[in-house]
2 protein chains.
Amino acid sequence: MKGPLFNQDSTEFFYTHSADQMSAEAVDGWVDSLAEAGVGTLFSNTNAMRANYASKVWETDWHGYDPNGPDDQPVLKYLPREDIPGTRRRLDSAKKLAEMGIDFHERAFARCRKLGIGCWVSVRMNDLHDCHLQDSPLLSTFYKEHPELRRVPYRYTGWPDRALDWSQKLVRDHYFAFIVEHLERWDLDGLELDWMRFGFHFGIGRELDGGEILTEWIGEVQKECSRAAKRLGHPVRLGVRVPSTPETARNLGLDGAAWAKAGLVDLVVPTPFWETCEFNMPIRAWQRLLQGSRCALAGGLEIRCQPYRGAPAIMMTPEFAAGAAMAVLRAGADFVYLFNYFADMHLGGQWTKEQYDTVLNAMQSIEALDRLPRRHAVTFRDIHAPGEPWDGALPATGTILAFRLQTGPRPTGRKVEALIEVGSAEAATPELRVNSVLCPEPHRNGATLTWSVPAEALADEMHVVEATATDGKPLTVLRVEFAIGPKAP
Amino acid sequence: MKGPLFNQDSTEFFYTHSADQMSAEAVDGWVDSLAEAGVGTLFSNTNAMRANYASKVWETDWHGYDPNGPDDQPVLKYLPREDIPGTRRRLDSAKKLAEMGIDFHERAFARCRKLGIGCWVSVRMNDLHDCHLQDSPLLSTFYKEHPELRRVPYRYTGWPDRALDWSQKLVRDHYFAFIVEHLERWDLDGLELDWMRFGFHFGIGRELDGGEILTEWIGEVQKECSRAAKRLGHPVRLGVRVPSTPETARNLGLDGAAWAKAGLVDLVVPTPFWETCEFNMPIRAWQRLLQGSRCALAGGLEIRCQPYRGAPAIMMTPEFAAGAAMAVLRAGADFVYLFNYFADMHLGGQWTKEQYDTVLNAMQSIEALDRLPRRHAVTFRDIHAPGEPWDGALPATGTILAFRLQTGPRPTGRKVEALIEVGSAEAATPELRVNSVLCPEPHRNGATLTWSVPAEALADEMHVVEATATDGKPLTVLRVEFAIGPKAP
């Protein structure tokens, strides 16, 4: 297996290419761009609630959609008006490619094989996009016809309350059929069960019992993988995406560590959900929990960066991505796993192609990443099991505030800076220590302060940043970052 | 090894017995009371900063103390006046016993052997009681003469800032000599390094480097244990008390999981520090991290119970102790470890002797505990590494609030209640669900509400309690408990 691992969602190619652009060569060209970026393994996602290819066992994305029909046809009429053109483009393109007799995944995998890129499918196990709508091309008939299968029937606080309840056999069977089709249809190196879309699969307080059901069910999937391996003459591995923290994963019934130890899965990918990349994932804990198993470990990077819920969010920059990738590799992950890192869509216009190719290529190793500038940020973990306490670090208020960041190998011999955004441009400048060492006076730009970090403060793996109020008044901190310059050649 | 494991601190016996009561029989009688309570292994603590026995390598507790001198003699004059009589009693008693030629630990261990109780010493690795005072019988000359060895020289926020910095060889050597004396002096089944007095041993941000130093140092201690084992003709095991959460332990340089995996220690005791017993310790995570090692695992119970920092604290009741013990055993701990569970001192007057003996005896097994009434509470973890975010669950405010409790085996066929204290007696009564199941109307007593939990809500290991405001206004919750009645005989 080769990194970085790259998840391609079921819609992006069809959003960013028109029906007129559909061709086998367009698929090849897209795979070629991944190869240029050094992607080691493609995780090609096939579904939200429907299949993005001409499945024989599930509805397709374009099921019930009339390309020549009006914007108020049943599957479109509940969408926000501004979403309709993009949705139509996506459906038109997917339908067109299928009608041309081209299976997106089959074609992509063939190209991957040629280029030495690993071929996995990734199945979203409970996607909920648009589930608050009465209808949408994202909603399956199965979902619409079975409101009684929802995990939290007595309230509505957001999409996850309407997730399908996996303790119901009907739900498991529905997905099982879909997965079996995958294993019989393509030449795969692996199959990923993406439990992180959307992370919640059981009634509140029913997750541990649910986990036991999933463990057994995954055993059945593993048997299907073995059958496929026999057919293909090479291994077909099984992977899972799970919540970033081992305890939370278990408390949600997604006990990746137990599955690895039981020999049920070959790859575990701890990851945040979506709100922000999580720079301080406990990857070291995962690495230790997986010891003694044959399971590989990848750290999942998301595409948004947000210091706290409700704060302004930005897209990950090349420096942030290098930082987050470095942190997971240094903490013992075998691979970096990228989710929503689409050159065209999310990153379009913000990263140059050179940045994209450089940073993704570097994610293959600590050594390569260490040559690049990187940036680490205090963010938060955006997935907790019901009843787990909140543990976000920001915003923080007090006279002494400390933050811990996972920062990769000791960044000796280069420029290192600590950045803090305080509550207001008028606040007194705090004193800053990094690993107990006092930093010289900062550069101040409004509410943003940047300190140069003395060489004697630098350490391997982690840095603790301590801000102390100098006027005795409680200080508010909104953002904390740690920036490491490029290594001198 | 047999549970429960019982830590006897270096002062309690001498506080609760006068000099006149000092005798070999008094020590025997005290051990007999442990035997009646079913204590499986005694962890006899020998020190704070000084030895409580006639050590040849460390100062004794009564060093510099004149029993016939006034209350303003140097070692007493900085103490609060109200503490002086108790301190004098303690010093008088310890001195007297030593002068009678009786070694407290030697005598206690001999009695333990006769009664089948295991014999360990427990050494506090950085005790800091009274370290804010200019002098006290609790402060060693070594400590007073080496202010330059303190871990946080640039501030004072509390005792731990003045802890000795274990990255200093002088500190390690000071403790090593003391430990070697233990191993040469007594017939021990084991030696415990109590890193949880007071949990902080390195400069801020220097803990990972410090952890590597400790790992090497513990290897040296292990060699001394092997030497002692050869002398004694039986194994002398090595144990550690460490912070309750594996990641925090590692972030403080107290990497119990790594020490276990490296074969350096035979017992790991995750534990809170002191503020409150922690009912939701991640013992399952520890159990998994220790898998494949030969290391035993014990869950540490403290004696206070406090829902959040600053809230009223009570002493643990028999029901709370049974609940906390059950949670650690059910989560995979081999043993329950009791700290500050002194029948005379802390619990005196609050537990009857029958309660004490019944509950401690029951801590030997899940089956015995399951017969007793037990109570589980939402509290908080009182030890974090510098820069780790706060993660207390209470107090909580919102329109839907959820709490997760580790509750032991499914409590079928008995009375089960959920209790919540809301912010004010005037607040509207919330709706309560346990594991998604709506509970019938509560009994209300001012701000405290008690719901009967329906049988269909009950689950193994954990319960999630969800409180929902019924008037649309944010609800404040100050306390959450889960009470399980005794098993019908």
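Kindly identify the stretch A:216-369 as rounded, prolate or oblate by the Cα gyration tensor criterion: order the square roots of the eigenvalues as a ≥ b ≥ c, call it rounded if a/c is under 1.5, otherwise compare a/b with b/c, prolate if a/b is larger, else oblate. Don't skip to the end; give the middle numbers.
Details: a/c = 1.95, a/b = 1.56, b/c = 1.25.
Prolate, because a/c is 1.5 or more and a/b exceeds b/c.
Each residue, residue A:366 and residue B:287, gets one label point 7 Å from its Cα in the Cβ direction; the gap between the two is 3.3 nm. Over the stretch B:24-123, Cα pairs under 8 Å with separation of 6+ residues give a relative contact order of 47 percent.
Taking each residue of B:196-204 in turn, how many C-beta atoms of other protein chains fall within 10 Å of its C-beta, and what is the average? Numbers along the way, then the final one.
On the way: counts 0, 0, 0, 0, 0, 0, 1, 5, 10.
Going residue by residue through B:196-204 and averaging, the value is 2.
Hey, what D do you get for the stretch A:42-182 in µm²/s if you plug the Kirkwood alpha-carbon radius into Stokes-Einstein at 20 °C and 1.002 mPa s? Intermediate values should be presented prior to the final figure.
Numbers: Rh = 16.4 Å.
It comes out at roughly 131 µm²/s.
Full extension of the chain between residue A:180 and residue A:471 yields a length gain of 98.2 nm, computed as 0.36 nm times the residue separation minus the alpha carbon distance. Dimensions of the protein assembly as shown from C-alpha coordinates, computed as largest minus smallest value along each principal axis and given longest first, are 104, 71, 59 Å. Note on B:382-394: average number of Cβ atoms from other chains within 10 Å of each residue's Cβ is 5. The calculated FRET efficiency for the pair residue B:173 and residue B:132, based on their C-beta separation and a Förster distance of 25 Å, comes to about 0.45.
Can you pull out the chymotrypsin sites (Phe, Trp or Tyr not before Pro) in the stretch B:56-95 whose DSSP state is coil and whose Cβ has at most 15 other Cβ atoms within 10 Å?
Values: sites: B:58, B:62, B:65, B:78; in loops: B:58, B:62, B:65, B:78.
The qualifying sites are B:78.
Give, to the nearest whole percent, the P(r) tail of chain A beyond 30 angstrom, counting all Cα pairs.
Working: 57790 of 119316 pairs.
When every Cα pair of chain A is considered, 48 percent fall beyond 30 Å.
Using Cα pairs under 8 angstrom and six or more residues apart, how large is the relative contact order of the stretch A:5-372, in percent? It comes to 16 percent, rounded to a whole number.
Each Lys and Arg adds +1 at its Cβ and each Asp and Glu adds -1 at its Cβ; summed about the Cα centre, the protein assembly as shown shows a dipole of about 1220 debye. With the convex hull drawn over the C-alpha atoms of the stretch B:165-304, the volume per residue is 106 Å³.
At R0 = 45 Å, how high is the FRET efficiency between residue A:28 and residue A:410 if r is their beta carbon distance? Nearest 0.05 is fine. Plugging the Cβ-Cβ distance into 1/(1 + (r/R0)^6) gives 0.55. The trypsin sites (Lys or Arg not before Pro) found in the stretch A:72-115 that occupy coil by DSSP, while having at most 16 further C-beta atoms within 10 Å, are A:77. Here is the list for the stretch A:396-489: GluC sites (Glu not before Pro) lying in DSSP coil, each with at most 16 other C-beta atoms within 10 angstrom of its C-beta, are A:426.
Of all chain B residues, the closest to the B-onto-A rotation axis by Cβ, with that distance in whole Å, is B:391, 2. With a/c under 1.5 counting as rounded, go ahead and sort the stretch A:374-442 into rounded, prolate or oblate using the C-alpha gyration tensor (a ≥ b ≥ c being the square roots of the eigenvalues; past the cut-off, prolate if a/b is larger than b/c, else oblate). It comes out oblate by the Cα gyration axes. Only lysine pairs 8 or more places apart, or on different chains, with alpha-carbon atoms under 29 angstrom apart are counted in the stretch B:5-373, and they number 25.
If you wrap the tightest convex hull around every Cα atom of the stretch B:396-484 and split its volume per residue, you get 78 Å³.
Within the shell defined by Cβ-Cβ distances under 11 Å, the residues around residue A:73 carry a net charge of -2, with Lys and Arg each +1 and Asp and Glu each -1.
Considering the dipole of the stretch A:5-372 built from charges on the beta carbon (Lys and Arg +1, Asp and Glu -1) around the Cα centre, which of A:312, A:260, A:274 is farthest to its positive end? The residue sitting most towards the positive pole is A:260. From its DSSP helices (H runs of at least four residues, each -39,500 (n - 2.57)), chain B gives a residue-normalised ellipticity at 222 nm of -9000 deg cm²/dmol.
Every number here is computed from the coordinates shown, using simple stated rules; none is lab data. Model, not experiment: these values are computed from the prediction. Because the Cβ atoms are built from the backbone with ideal geometry, glycine has one as well, and the counts that use them run over all protein chains shown.
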